[in-house]
Amino acid sequence: MASVDGLDRYAVVSCHVERPLDDAVWSAFEQLLERRPAGFVITPLLRPPHAASGEDEELWLERARRAAQHAPLGHHTHWGGPAQARPPAGVDVGAVIGDEIQWLRTRGLAPRWFCGGGWYLDVPVAEALAAAGYVDCSATTFRQRYLAEDAPRLQLPAPRRVRLPSGATLLELPATHSLGMLGRGIVRLRGLVHLHFHDWELVDRRRALALHGLLRALRLRRRPLAIDELAELAADAPEIAWDGATIAG
């Protein structure tokens, strides 16, 4: 499995901000974002408000703008509303992501980083992300056990420039560890670490303590990077052609 030269000594951390309008969850997340624990700049991947569910757009925008003051702002999509991460049957995923990008930009927000809910990624979504100039974090280096083998997703061994059927290229920065995976593997890390977690984990005392402890331990083993710094270092990652297969090189 080819790696990108020089990345093995680094680590980045991203958070899927799925409950940005929950006051307790947001308070815990914003404090973490401000503190930069162990020197890590947490990338906030925010789920936009779902109008059909009555979510407060103005409060969401206020919080998104505050997040953008502390770290590079990202975008996280739940394809079927707040509680439905992966797309329900019949949903036009390309249209969903296109509409969300337009909504964000018309309100003065320009996130550059993305992760699909439930790690969903297919060619129409990837094409929309590339057209918008996004860098994607929907890929992982591992398979999610809860997903069927043929569920749309992308598994990569390391950062890659993904060449799409249109000829466009999308930079992928795959997640490598959840909190549990990092806890089990902290003493035998290999390669670049991209830790992901969810905002709602921060209101679980046990999980919050685990996150802080693991970030301190990770700092002893890897140099923290912000995600924009990682993207710059990975700009010359190997290029692969992708037509929607779940596992690629």
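For a distance above 17 Å, tell me the whole-number percent of Cα pairs in the stretch 1-114 that qualify. Spell out each step's value before the answer.
Details: 3730 of 6441 pairs.
Counting pairs separated by more than 17 Å, the tail of P(r) holds 58 percent.
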Original post:
Taking the Cα-to-Cβ direction at Glu149 and at Ala89 and moving 7 Å from each Cα, how far apart do the two end points lie in nm?
Top reply: 2.3
**OP:** Show that you can apply the helix-only estimate: for the chain, add -39,500 (n - 2.57) for every DSSP H stretch of four or more residues, divide by all residues, and state [θ] at 222 nm to the nearest 500.
**Re:** -9500 deg cm²/dmol
**OP:** Towards the positive end of the charge dipole of the stretch 1-122, with charges on Cβ (+1 Lys, Arg; -1 Asp, Glu), say which of Cys15, Ala38, Ser27 has the farthest Cα.
**Re:** Ala38
Original post:
Based on the Cβ-Cβ distance of Asp228 and Thr106, what FRET efficiency does E = 1/(1 + (r/R0)^6) give at R0 = 22 Å, to the nearest 0.05?
Top reply: 0.40
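What's the extension gain from His70 to Ala241 if we count 0.36 nm per residue and subtract their Cα-Cα distance?
Values: separation 171, 0.36 × 171 = 61.56 nm, distance 3.49 nm.
Stretched fully, the His70-Ala241 segment lengthens by 58.1 nm.
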Subject >> log₁₀ of I(q)/I(0) at q = 0.10, 0.17, 0.20 Å⁻¹ - the stretch 105-224, Debye sum with one point per alpha carbon >> reply: -0.37, -0.97, -1.18
**OP:** List the GluC sites (Glu not before Pro) within the stretch 148-249 that fall in a DSSP loop (any state other than H, G, I, E or B) and whose Cβ has at most 12 other Cβ atoms within 10 Å.
**Re:** Glu149
Original post:
Out of every Cα-Cα pair in the chain, what percent are more than 31 Å apart?
Top reply: 18
**OP:** Taking only Cα atoms and a 10 Å spring cutoff, compute GNM fluctuations for the chain and point out the largest among Leu170, Leu33, Leu147.
**Re:** Leu147
Original post:
How long is the gain from Arg35 to Asp8 if the chain were fully straight, where each residue apart is worth 0.36 nm and the alpha carbon distance is subtracted?
Top reply: 7.2 nm
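Report the net charge of residues surrounding Asp122, where surrounding means a beta-carbon distance below 14 angstrom and charges are Lys +1, Arg +1, Asp -1, Glu -1.
On the way: positive: Arg86, Arg153; negative: Asp92, Glu127, Asp136, Asp150, Glu172, Asp243.
Taking every Cβ under 14 Å from that of Asp122, the sum is -4.
Laboratory data are not the source of any read-out in this text; all were calculated from the coordinates shown. Fair warning: this is a prediction, and the values are worked out from it, not measured in the lab. Quick reminder, even Gly has a Cβ in these numbers, built from the backbone with ideal geometry, and neighbours come from all protein chains shown.
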